[in-house]
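Before any comments, here is the structure.
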């Protein structure tokens, strides 16, 4: 069973103290040794047949076989190992005591290292002893020699086993001693490390309810109280003691627990500490020991309080931030739900052109302006309402439950707008600042704080696009967050799958009753929702950066259709709406020129429609763009005229050709004196500037007659024709009296 070497059997015994002791105890006499020497050669020759028995013993025993195969996996040779072990057993007859003693001592050490158990060696020697006894029975020797030979062989087997076991356990003892020394060194290092920590560390034997380890700081402070699992209990705030007992019971039951407690120091000051308990579980699932850590967190508690304040307060304006404002909204909504019929108003406010102030005057002055705006808003908002800075130059106003949301909102909005009539003084500079507001109301415009705020922001952005100071959320005009999310992944595929389509609404000359052009209107033939109108497409496309390819598609498609109509004898110029984002693109003019070339159509067949708000974003750049468009014959129309900026000085500065009166003034123009006055003024203004004036949204003959009497040049609307897809518009061209 041992990987050792076998010395020659003919060497003489050399007495050794260890073997001498075994020989003495087992009473191996000189006569015994002489008997072995007499029959050594005969026995050695006969033991050759023992090899098969020994091999079977090794490999029939699963655990012994595992040791052998492990030796092979580690790079050893099983055959060599087994042969060497067999030769070692045959060395039982060795006459060299010193060599045999060395082999036996090494054998025990190797057993220990390889995981060989002493009982396995005993089993192998039992087989060898049985074999030798049978061998001796067959020898032709005297009965006296046979008896002596059997006796001495038994003694030699016992001697080998004794020395192997002795060296085995000595080797194991050396291993344990080495491991213990290593652990002792590590323990001392850990103890030194723990002694240097600013925390109190200890462990408690749960069954004995006694501390079994305490680091140096705990010893130094509470050396006289270490009989208790919690030596500092008397120094704790009485209110925290019950919580301490609760977490201790949790730890005893096997759960990691943490609590924060207050303790009085020697100077009487009270500090916060965190107590953490880590159970070490027994086999039954309960804690055998609990490791305890007490750390001073007084500074952390102080910083936490500061962070809590910072987390709910805007550091620049000292107003509530978005998180705290959201909490206020939740409470307001809960209160409104308890009172049937009550409403909550959410207002999103944005400073117009704030980026210009910030970039031009510097961020320091921009921050000062934000603080001044916050003060002015705070002066007009009621104490019962909530004002917050939501981020950047955006503020939020929350009106607590009211009975009439629109009236309450308009009252606050009026006060806010009036407060901005006075310029701001910032660093000796007078700044005229305006704001745009969007309004949403609970429950009509949403049931959650997130939806209400997003809808208010959507209304605010629509107000900016339209050049208005404020607007209420309109589900028909504003794209809800849910729709934005739904459409965001579908617009590109709509382009790829040809789901977009252009409808055309004719525009006619009121004096000659003849067709003067057609406005191209985008439609999305959604595979599931049917026809989706542009006011639901454009805002999402702008946010996703998809408006440019949509504009390119509309331009090329409309101009190609214009070309196709010319092939059948109909000259129909087309008008295309350009969104604010598209108009700001530096490549807009190049794309329009490319679309004209692609469709083989001259610029006189295209009119670009833009809003006043779009123009006013950057008048200087707008002038450059419109001038370049005019150079190759493209005309420009101001869409929804009358709903935007009150200053009309831009009209004489820009190359504009057409004013399109917003349909809100046309609906009641036949019988509303104020609408008649407004429409007449717009027509006179346009004619005085040599512009063509077009009325939108003409729904009936009375409105058409009134516009004709007022001198309006052209009109479009359902009374003439609703927007038509290309095939129906082509049919309309050949059948309608307007198209003659």
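The values are calculated or read from the model by the stated rules, or taken from the named source; none is laboratory data. Since this is a predicted model, take the numbers as computed values, not measurements. Don't worry about glycine lacking a Cβ; one is built from the backbone with ideal geometry, like all the others, and counts go over all protein chains shown.
Values as computed for the structure displayed
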{"quantity": "Test: residue 282 is within 36 Å of the chain's Cα centre (by Cα) and either without any contact (Cβ under 8 Å) to a residue 24 or more places away in the chain or surrounded by fewer than 17 Cβ atoms within 10 Å (Cβ to Cβ) (or both)", "calculated": "no"}
{"quantity": "Residues (closer than 25 Å to residue 617 by Cα and touching a strand residue (DSSP E or B) at 6+ places or on another chain (Cβ under 9 Å)) located in segment 427-452", "calculated": "430, 431, 432, 433, 434, 435, 436, 437, 438, 439"}
{"quantity": "Single match in 602, 513 (criterion: on the phi > 0 side of the Ramachandran plot and either surrounded by fewer than 19 Cβ atoms within 10 Å (Cβ to Cβ) or in contact with a strand residue (DSSP E or B) (Cβ under 9 Å, 6 or more places away or on another chain) (or both))", "calculated": "513"}
{"quantity": "Hey, residue 698 under 20 Å from residue 718 (Cβ atoms), crowded, with 17+ Cβ neighbours inside 10 Å, touching a helix residue (DSSP H, G or I) at 6+ places or on another chain (Cβ under 7 Å) and not assigned by TED's automatic domain parsing to the domain that holds residue 574 or not", "calculated": "yes"}
{"quantity": "Matching entry among 629, 648 (being outside the structural domain of residue 537 (by TED's automatic domain parsing) and either at negative phi or buried (at least 16 other Cβ atoms within 10 Å of the Cβ) (or both))", "calculated": "648"}
{"quantity": "Residues (part of a strand (DSSP E or B) and either surrounded by 19 or more Cβ atoms within 10 Å (Cβ to Cβ) or without any contact (Cβ under 8 Å) to a residue 24 or more places away in the chain (or both)) located in segment 385-400", "calculated": "386, 387, 388, 389, 390, 395, 396, 397, 398, 399"}
{"quantity": "Single residue of 243, 186 found to be under 42 Å from the mean Cα position of the chain (by Cα) and in the same structural domain as residue 265 (by TED's automatic domain parsing)", "calculated": "243"}
{"quantity": "Any hit, segment 615-625, residues being touching a strand residue (DSSP E or B) at 6+ places or on another chain (Cβ under 6 Å), surrounded by 19 or more Cβ atoms within 10 Å (Cβ to Cβ) and in contact (Cβ under 8 Å) with a residue 24 or more places away in the chain", "calculated": "no"}
{"quantity": "Check on residue 225, surrounded by 15 or more Cβ atoms within 10 Å (Cβ to Cβ) and without any contact (Cβ under 8 Å) to a residue 24 or more places away in the chain", "calculated": "yes"}
{"quantity": "Residue within segment 507-521 that is in contact with a helix residue (DSSP H, G or I) (Cβ under 8 Å, 6 or more places away or on another chain) and under 30 Å from residue 436 (Cα atoms) present", "calculated": "yes"}
{"quantity": "Test set (1) in a helix (DSSP H, G or I); (2) in contact with a strand residue (DSSP E or B) (Cβ under 9 Å, 6 or more places away or on another chain); (3) touching a residue at least 12 places away in the same chain (Cβ under 8 Å) - residue 415 fails condition number", "calculated": "(2)"}
{"quantity": "Selected residue (criterion: modelled with the lowest pLDDT) from residues of segment 78-104 that are under 17 Å from residue 166 (Cα atoms) and either touching a strand residue (DSSP E or B) at 6+ places or on another chain (Cβ under 6 Å) or surrounded by fewer than 18 Cβ atoms within 10 Å (Cβ to Cβ) (or both)", "calculated": "98"}
{"quantity": "Members of segment 637-679 that are over 25 Å from residue 719 (Cα atoms) and touching a strand residue (DSSP E or B) at 6+ places or on another chain (Cβ under 6 Å)", "calculated": "656"}
{"quantity": "Checking residue 157 against (1) within 23 Å of residue 39 (Cα to Cα); (2) at pLDDT below 85, the condition it does not meet", "calculated": "(2)"}
{"quantity": "Count - residues of segment 685-729 that are free of Cβ contacts under 8 Å to residues at least 12 places away in the same chain and within 18 Å of residue 656 (Cα to Cα)", "calculated": "2"}
{"quantity": "Members of segment 524-542 that are closer than 22 Å to residue 559 by Cβ and in contact (Cβ under 8 Å) with a residue 40 or more places away in the chain", "calculated": "534, 537, 538, 541"}
{"quantity": "Criterion: outside any loop (DSSP other than H, G, I, E, B) and at pLDDT below 90 - qualifying residue of 518, 494", "calculated": "494"}
{"quantity": "Matching entry among 444, 474 (being within 30 Å of residue 612 (Cα to Cα) and either in a loop (DSSP other than H, G, I, E, B) or in the same structural domain as residue 662 (by TED's automatic domain parsing) (or both))", "calculated": "474"}
{"quantity": "In segment 241-265, the residues that are in a helix (DSSP H, G or I) and free of Cβ contacts under 8 Å to residues at least 24 places away in the same chain", "calculated": "241, 242, 243, 245, 246, 249"}
{"quantity": "From the options 408, 463, residue that is in the same structural domain as residue 384 (by TED's automatic domain parsing) and either under 21 Å from residue 392 (Cβ atoms) or touching a helix residue (DSSP H, G or I) at 6+ places or on another chain (Cβ under 9 Å) (or both)", "calculated": "463"}
{"quantity": "Residue 167 vs. criteria in contact with a helix residue (DSSP H, G or I) (Cβ under 9 Å, 6 or more places away or on another chain), surrounded by fewer than 17 Cβ atoms within 10 Å (Cβ to Cβ), part of a helix (DSSP H, G or I) and at pLDDT 80 or above", "calculated": "no"}
{"quantity": "Condition met for residue 669 (farther than 25 Å from residue 625 by Cα, buried (at least 23 other Cβ atoms within 10 Å of the Cβ) and modelled with pLDDT of 90 or more)", "calculated": "no"}
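Residue-wise test of (1) in contact with a helix residue (DSSP H, G or I) (Cβ under 6 Å, 6 or more places away or on another chain); (2) outside the structural domain of residue 465 (by TED's automatic domain parsing); (3) more than 25 Å from residue 516 (Cβ to Cβ).
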site	(1), (2), (3)
551	yes, yes, no
558	no, yes, no
564	no, yes, no
569	no, yes, no
574	yes, yes, no
580	yes, yes, yes
587	no, yes, yes
593	no, yes, no
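Per-residue answers, yes or no, for (1) surrounded by fewer than 15 Cβ atoms within 10 Å (Cβ to Cβ); (2) closer than 27 Å to residue 311 by Cβ; (3) modelled with pLDDT under 90:
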| position | (1), (2), (3) |
| --- | --- |
| 349 | no, yes, no |
| 358 | no, yes, yes |
| 364 | yes, yes, yes |
| 367 | yes, yes, yes |
| 383 | yes, yes, yes |
| 402 | no, no, yes |
| 422 | yes, no, yes |
| 440 | no, yes, no |
| 454 | no, yes, yes |
